[in-house]
Amino acid sequence: MTGRTCLTIVLAAGEGTRMRSSLPKVLHSVAGQTLLANVLSAAPAGPQTSLAVVVGPGYEAVAKEAMRVRPDATTFVQRERLGTAHAVLAAREAIARGADDIVIAFGDTPLISVETFARMRAPLQAGAALSVLGFHAADPTGYGRLIVENGRLTAIREQADASAEERRITLCNAGVMAFDGKTALRIIDKIGNANSKGEYYLTDAVAIVRELGLTATVIETSEDEVRGINTKAQLAEAEQVMQARLRKAALDAGVTMVAPETVFLAADTTFGKDVTIEPYVVIGPGVTIADGAVIHAFSHLLQASVGKNASVGPYARLRPGTSLGEGARIGNFVETKAAVLEAGVKVNHLTYVGDAHVGAGANIGAGTITCNYDGFDKHRTEIGAGAFVGSNSSLVAPVKIGSGAYIGSGSVVTRNVPDDALVVERSEQSVREGWAKRFREMKLLNRKPKTG
Ligand code: UD1
Ligand code: MG
């Protein structure tokens, strides 16, 4: 953006008591990404920008999440929650360092886009002291209302302080504001707390700008982009909006989904070409799906990568650390975790593969379990390329199955198996000819006729 420096301050100190949760509000997720991460990844980034995040006391987890997403962020603590203007001033030091644009965003407004941040900054370059993001709310209850007189923004009135007439206004404050750095601190320092909540409202900046004879402008956007989240119901609404966006982006990128409305994606899901996702699939964060792969119905994937032309499900669960090679097949009721399955591996039914490496082309029969946990530690299973593990085998880790080896069905394998060997670990089958027939005859003979 035309060489102007920019400081973004994201407010994330609110208690969010209406979420009725022990988790700080901004750490709730939409599309597998925290509200805070959503905002921080849209906020201005790159050279000439700096980022401050205001957190509440004891909110180490919030500060940690901020640093994870944006290592360039500085966190500031707002000791008491005295309102949004008070929260901004917790980052006074950052503001005082000076920037051409000072953008304020809320950590609880996760659907905001990069483009909107850029649009907000444009009026500052044209001489405005403040630009405010506004939207028409279907139900404006709870939002600050934008008071526009003769086409000019003159004030923002919070719900609690608005008159009945003002409450009918549907043009609302989205919460994002951009201040011209030259006057920002002077304006915010003037904000008082003479309102029904006794809070320092950032929204009062608009009236102050006007008193100073400066200009405040409104940049409008759609309600969907600026849904503020104060309740679990609003969190669910934001999720819907986000999912609609992600599904559309996936369809636009060529993913085939016959019932996209039943498929849940994460903000970071990546797809190759000609991917098909059948109905009722849930994809959590950290999933990549390569060209030509098919995810069949009712599958659940989290932190997993699916190779080219691989097939997953129906009813499969890929847990973190799963990596499927080209053409690998994971069938129904199969669970994988921390498992690398090389190209062409088949695990078609009712199996658990955890903490394992499976070489190319190996076939794992129905009901096979890698017994990876002894109640204390996790152990690894190595299965060589081209091995054949018969159905209902238990592979007690740590254990290695050599490449090309055969494991007879029902074996409990506790020791390493050499390449190309056969292991059968079960008791000898005993057959007693005619036993069943004799058994039935004896039973029928002894059956006494029922009396009385
Ligand atoms: C705020 C706006 C309202 C706007 C709405 C949009 C004010 C006074 N009101 O109301 O005009 O329509 O957002 O969603 O600005 N926070 C702090 N410290 C505080 C108070 C809040 O860090 O002392 C943070 C919260 O974590 C949150 C954000 O500021 O991320 C907004 O606070 P919130 O309490 O959600 O304000 P709203 O009532 O939603
Ligand atoms: Mg809010």
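The values are calculated or read from the model by the stated rules, or taken from the named source; none is laboratory data. Predicted, not measured: the structure shown is a model, and the values here were computed from it. Positions of Cβ are generated from backbone atoms using ideal geometry, with glycine treated the same way; all protein chains shown enter the neighbour counts. Side chains are part of the model used for accessible areas, which takes the heavy atoms of the whole protein and leaves out ligands, DNA and RNA. Shrake-Rupley method; radii C 1.70, N 1.55, O 1.52, S 1.80 Å.
Fully extending the segment from A244 to V77, taken as 0.36 nm per residue of separation minus the present Cα-Cα distance, adds 56.6 nm. Applying 1/(1 + (r/R0)^6) with r as the Cβ-Cβ distance of N392 and V282 and R0 = 22 angstrom yields a FRET efficiency of 0.15.
In the context of the full set of protein chains, the chain has a per residue accessible area of 48 Å² (1.4 Å probe). Nonpolar atom fraction for the chain, defined as the carbon and sulfur part of the 1.4 Å probe accessible area, stands at 52 percent.
Taking a Cβ cut-off of under 12 Å around R121, the surrounding Lys, Arg, Asp and Glu residues balance to a net charge of -2, with basic ones at +1 and acidic ones at -1. Summing charges over all other residues whose Cβ lies under 12 Å from the Cβ of K182, with Lys and Arg as +1 and Asp and Glu as -1, gives -1. Estimated from the Cβ-Cβ distance and a Förster radius of 56 angstrom, the FRET efficiency linking W435 and D377 is about 0.80. Of the residues A37, Q159, Q240, the one whose Cα sits farthest towards the positive end of the charge dipole of the chain is Q240 (charges of +1 on Lys and Arg Cβ, -1 on Asp and Glu Cβ, taken about the Cα centre). Placing unit charges on the Cβ atoms only, positive for Lys and Arg and negative for Asp and Glu, gives the chain a dipole magnitude near 1640 debye about its Cα centre.
Over the chain, the reciprocal of the mean inverse Cα-Cα separation, the Kirkwood hydrodynamic radius, stands at 25.8 Å. Length available on full extension from R167 to N195: 0.36 nm per residue minus the Cα-Cα distance, which gives 8.5 nm. Within a straight-line Cα-Cα reach of under 28 Å, K308 can be paired with the following lysines, leaving aside sequence neighbours fewer than 8 residues apart in one chain: K248, K273, K337, K346, K400. Residues in the range 145-154 carry Karplus couplings, in order, of 8, 8, 9, 10, 10, 6, x, 10, 6, 10 Hz; the curve used is 6.51 cos²θ - 1.76 cosθ + 1.60 with θ = phi - 60°, and Gly or Pro positions show x. In straight-distance terms, cross-link reach from K197 covers every one of the aspartates and glutamates whose alpha-carbon lies under 19 Å from its own, apart from those fewer than eight places away in the same chain; here that gives E15, E80, E158, D161, E166, D189. For the chain, what proportion of DSSP beta bridges, expressed in % and rounded to the nearest 5, is antiparallel? So the antiparallel bridges in the chain amount to around 20 percent.
The simple Förster model, with R0 at 45 Å and r as the Cβ-Cβ distance, assigns V424 and S22 a FRET efficiency of 0.25.
Modelled spin labels at K443 and T262, positioned 7 Å past Cα toward Cβ, are 4.4 nm from each other. Take the chain, mark every one of the GluC sites (Glu not before Pro) that falls in a DSSP loop and has at most 13 other Cβ within 10 Å, then report the longest stretch left between them, sites excluded. Answer from the scan: 81-427. Reachable lysines from K448, Cα under 30 Å, same-chain residues fewer than 8 places away excluded? Filter leaves K437. Per residue of the chain, the DSSP helices (runs of n ≥ 4 H) give a summed -39500 (n - 2.57) that works out to -5500 deg cm²/dmol at 222 nm.
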